[in-house]
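*Asks:* First the structure, then my questions, so here it is.
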Amino acid sequence: MAGQFHASEDPGMTPRRLAEMTDDWFRSSQGAAVARVETRLLKPMLGQLFGYRILQLGCSGERSFIDDSSLYHKIRFAPMYRPGAGLAVADAEELPLASDSVDAILLYHALDFAGDSHRLLREAHRVLRSGGRMLIVGFNPWSSWGLWRLFRRRGGIPWGARFIAPGRLADWLRLLDLQVDSIRYGLHSIPLRRKPLLRFARGWERFGQKINSPFGGAYIILCVNQVRPVTPIMRKWLPPLRARTGGAVVALEGRSARSRQS
């Protein structure tokens, strides 16, 4: 639709401005309701993660969704400096982490608002160890939320997000040898803002999650970084070495000859 744009692709949308808009939206009644639904969905899936280090990436570092994880070392970066936040500032598309150094990763709507979603996904895959797991939270275009977005001529949060289809994202993951293990859906009600109306959304949400309807406004994909097979290096057997003067055969054949003589 004419006038539609992605917040991450707006020339005037700086990482600081995007983070501020996202934080403001999560403080609203609608954003808080979305966070509650996604947190409930994430909790059992976080229990399937194991290891030592877990990394959370998103367009804002203010809200943590990995506190319930059993992994010891929890890593979060902020897109901008905030006094008292205690978070390092880093670009999610150029992480200051070594390759194969993280056991689990949570991409919380990170691909929806990234400047380059492919680049961010490749960077997350780079730091994820073989056998590690990745949780990806994204907005679903095949939902009432995706339909509502088509009629929003202005951007804003969350309508300026990319809304990457789960099937399309699964193709991206397959190219990186990330195998989809499971997928859950949430936000089965229409986008509501008023608190009294949000109460009616709870019944729809319970029913949609019970049948895991693929038309929820948000999805959570759990994928596994497939273990890269180790190709053994086969030793190339060389022909037996012979003395230049026509003497006895040396190397392995020489040892076999001496054993036969003995």
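What follows draws every value from the coordinates through simple rules; no lab data is involved. On a predicted model such as this, the values are computed, not experimentally measured, just so you know. Quick reminder, even Gly has a Cβ in these numbers, built from the backbone with ideal geometry, and neighbours come from all protein chains shown.
*Asks:* Taking loop as defined by DSSP and a crowding limit of 12 other beta carbons within 10 Å, which trypsin sites (Lys or Arg not before Pro) in the range 114-195 fit?
*Replies:* On the way: sites: Arg119, Arg122, Arg126, Arg129, Arg133, Arg149, Arg152, Arg153, Arg154, Arg162, Arg168, Arg174, Arg184, Arg193, Arg194; in loops: Arg152, Arg153, Arg154, Arg162, Arg193, Arg194.
Sparse-neighbourhood loop trypsin sites (Lys or Arg not before Pro): Arg153, Arg154, Arg193, Arg194.
*Asks:* Any idea which of Gly156, Ser29, Gly47 is furthest toward the positive side of the dipole for the range 7-231, if Lys and Arg beta-carbons carry +1 and Asp and Glu beta-carbons -1?
*Replies:* Positive-most Cα among the choices belongs to Ser29.
*Asks:* Which ordering of Thr39, Thr22 is given by a fewest-first count of other beta-carbon atoms within 10 Å?
*Replies:* Working: Thr39 15, Thr22 24.
Ranking Thr39, Thr22 by Cβ neighbours within 10 Å, fewest first, gives Thr39, Thr22.
*Asks:* At a 10 Å Cβ-Cβ cut-off, how would you order Glu38, Glu94, fewest neighbours first? Kindly include the intermediate steps, with their values, before the conclusion.
*Replies:* On the way: Glu38 20, Glu94 10.
Going from least to most buried by this count: Glu94, Glu38.
*Asks:* Continuing with the same structure: Give, rounded to the nearest 20 debye, the magnitude of the charge dipole that the range 7-231 has about its Cα centre when Lys and Arg contribute +1 at Cβ and Asp and Glu contribute -1 at Cβ. Write down the numbers at each step before the final one.
*Replies:* On the way: 32 positive and 21 negative charges, 192 e Å.
Using Cβ point charges on Lys, Arg, Asp and Glu, the range 7-231 gives about 920 debye.
*Asks:* Over the range 19-84, what is the relative contact order in whole percent, taking alpha-carbon pairs under 8 Å and six or more residues apart? Mind dumping the intermediate values first?
*Replies:* Working: 64 pairs, mean separation 20.5, N = 66.
Taking the mean separation of contacting Cα pairs over the length of the range 19-84, I get 31 percent.
*Asks:* A further question on this structure: Report Rg (one decimal) and Dmax (nearest whole number) for the range 7-231, counting Cα atoms only, units Å.
*Replies:* Rg then Dmax for the range 7-231, in Å: 16.9, 61.
*Asks:* Output the relative contact order of the range 129-190, whole-number percent, from Cα pairs under 8 angstrom with separation of 6+ residues.
*Replies:* On the way: 30 pairs, mean separation 22.3, N = 62.
With pairs under 8 Å counted, the relative contact order is 36 percent.
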